[in-house]
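Enquirer: What follows is a single structure, and I will ask about it in a moment.
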Amino acid sequence: MGESTSGVAPGADDLTVVHLMRHGEVHNPGGVLYGRLDGFHLSDLGQEMARLVAAHLEANDITYVVASPLERAQETAAPIAADHEVEIATDARVIESENQFEGRSVSPADLLHPRNWHLFRDITKPSWGEPYEDIAARMLAAVADARDAARGHEAVVVSHQLPVWTVRNKLEGRRLWHDPRKRECTLASLTSLTYHGDELASISYSEPAAELLPRASKSVGA
């Protein structure tokens with residue numbers, strides 16, 4: 001995970017938890033692959049998801065909240081930060097991945113059109129977007145800084161599905177290329193990393209907003 005950047009050598013008994021949270025549902029009636037585009041905010045259901053997770057974490061010892069600069073992540077982080085009376089830090093390293101299909105209404109027929117075949121020349125990289133190794137590297141660095149900022153307490157990092165799933169795969173020693181349909185990272189979910197000092201002790205996954213998921217749209221996005 002890298003060296004401590006806090007300036008203080010951690011004790012062996014220091015326990016820190018970094019919760020990687022995916023943002024809530026986005027208002028996206030056009031079914032656009034919104035990626036890093038501005039102007040995509042949480043839907044009413046997404047706002048409800050954010051509040052529900054905030055309530056779930058209300059009793060947790062959260063001292064640091066950081067989010068991707070995109071609106072949907074900032075809006076998801078807001079009720080958590082408010083409940084714990086901390087400011088939201090913004091970290092571009094936890095932003096959504098780059099994708100050459102961004103801004104398009106993507107259907108299976110569009111994906112398989114011959115004009116797009118060149119984008120699928122290497123599914124392991126992937127050739128249509130930001131390399132998985134690059135995503136993992138920036139997320140690992142952001143997680144290390146969040147861990148240091150919340151040393152001995154808990155941090156929440158609000159990001160996006162692919163970055164969260166990629167860094168989890170990296171930490172668990174799995175290959176980074178994968179079937180997107182098999183990601184364990186639903187809307188407003190928490191992938192929680194527990195550290196003893198700088199050593200990762202465990203990874204757990206939870207869905208505090210599970211009761212709202214059946215109402216979520218099936219549109220593309222992240």
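The values are calculated or read from the model by the stated rules, or taken from the named source; none is laboratory data. As the structure is a computational prediction, the values presented were derived from the model and not from experiment. For neighbour counting, all protein chains shown are included, and Cβ atoms are generated from backbone atoms with ideal geometry for every residue, glycine included. Protein only, heavy atoms only, side chains kept; ligands, DNA and RNA dropped before computing areas. Shrake-Rupley method; radii C 1.70, N 1.55, O 1.52, S 1.80 Å.
Enquirer: Name, by its number, the condition in (1) crowded, with 17+ Cβ neighbours inside 10 Å; (2) at pLDDT 90 or above that does not hold for N99.
Expert: (2) is the only condition that N99 fails.
Enquirer: Could I ask something else about it? Looking at V106, V65, V53, which is the one that is surrounded by 16 or more Cβ atoms within 10 Å (Cβ to Cβ), of a type in the set (A, V, I, L, M, F, W, C) and out of contact with any helix residue (DSSP H, G or I) (no Cβ under 9 Å at 6 or more places or on another chain)?
Expert: V106 is the lone residue from the list that is surrounded by 16 or more Cβ atoms within 10 Å (Cβ to Cβ), of a type in the set (A, V, I, L, M, F, W, C) and out of contact with any helix residue (DSSP H, G or I) (no Cβ under 9 Å at 6 or more places or on another chain).
Enquirer: Regarding P163, is this residue in a loop (DSSP other than H, G, I, E, B) and under 16 Å from the mean Cα position of the chain (by Cα)? Write out each step before concluding.
Expert: Numbers: in a loop (DSSP other than H, G, I, E, B): no; under 16 Å from the mean Cα position of the chain (by Cα): yes.
No: the conditions fail for P163.
Enquirer: Mind checking which residues of the range 166-191 are in a strand (DSSP E or B) and open to solvent by 40 Å² or more (accessible area, probe 1.4 Å)? Don't jump to the end; show me each part of the working.
Expert: Narrowing the range 166-191 to residues in a strand (DSSP E or B): 190-191.
Passing the criteria: none in range.
Quick grid of which residues meet (1) within 23 Å of R138 (Cβ to Cβ); (2) without any contact (Cβ under 8 Å) to a residue 12 or more places away in the chain; (3) touching an Asp or Glu at 6+ places or on another chain (Cβ under 8 Å); (4) assigned to a helix (DSSP H, G or I):
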site: F40; (1), (2), (3), (4): yes, no, yes, no
site: Q47; (1), (2), (3), (4): no, no, yes, yes
site: V66; (1), (2), (3), (4): yes, no, yes, no
site: Q74; (1), (2), (3), (4): yes, no, no, yes
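Enquirer: Please go through the range 163-201 and pick out each residue that is within 11 Å of R22 (Cβ to Cβ), hydroxyl-bearing (S, T, Y) and in contact with a helix residue (DSSP H, G or I) (Cβ under 7 Å, 6 or more places away or on another chain).
Expert: Hits for the range 163-201 are T186, T191.
Enquirer: Next up: Restricting to the range 109-129, what's the tally of residues that are small (G, A, S) and open to solvent by 40 Å² or more (accessible area, probe 1.4 Å)?
Expert: If we filter the range 109-129 for residues that are small (G, A, S), which is where we start, we get 109, 127, 129.
Among the residues that remain, those that are also open to solvent by 40 Å² or more (accessible area, probe 1.4 Å) are: 109.
Of the residues in that region, 1 qualify.
Enquirer: So D122 ticks every box in (1) in a loop (DSSP other than H, G, I, E, B); (2) closer than 26 Å to V26 by Cα but one. Which box is left unticked?
Expert: Among (1) in a loop (DSSP other than H, G, I, E, B); (2) closer than 26 Å to V26 by Cα, the lone unmet condition for D122 is (2).
Enquirer: Here is a list of conditions, (1) surrounded by fewer than 16 Cβ atoms within 10 Å (Cβ to Cβ); (2) of a type in the set (F, W, Y); (3) modelled with pLDDT of 95 or more, and Y132 meets all of them except one; can you say which number that is?
Expert: (1)
Enquirer: Here's another thing I want to ask about it. So for the range 192-211 (the condition being within 26 Å of D61 (Cα to Cα) and part of a helix (DSSP H, G or I)), does at least one residue qualify?
Expert: Applying the first criterion (within 26 Å of D61 (Cα to Cα)) to the range 192-211 yields 192-211.
From what is left, the residues that are part of a helix (DSSP H, G or I) are 210-211.
Among the residues of the range 192-211, at least one is within 26 Å of D61 (Cα to Cα) and part of a helix (DSSP H, G or I), which makes the answer yes.
Enquirer: Go through the range 10-24 residue by residue and tally those that are closer than 17 Å to K218 by Cβ and either assigned to a strand (DSSP E or B) or open to solvent by 20 Å² or more (accessible area, probe 1.4 Å) (or both).
Expert: Looking only at that region, the number is 1.
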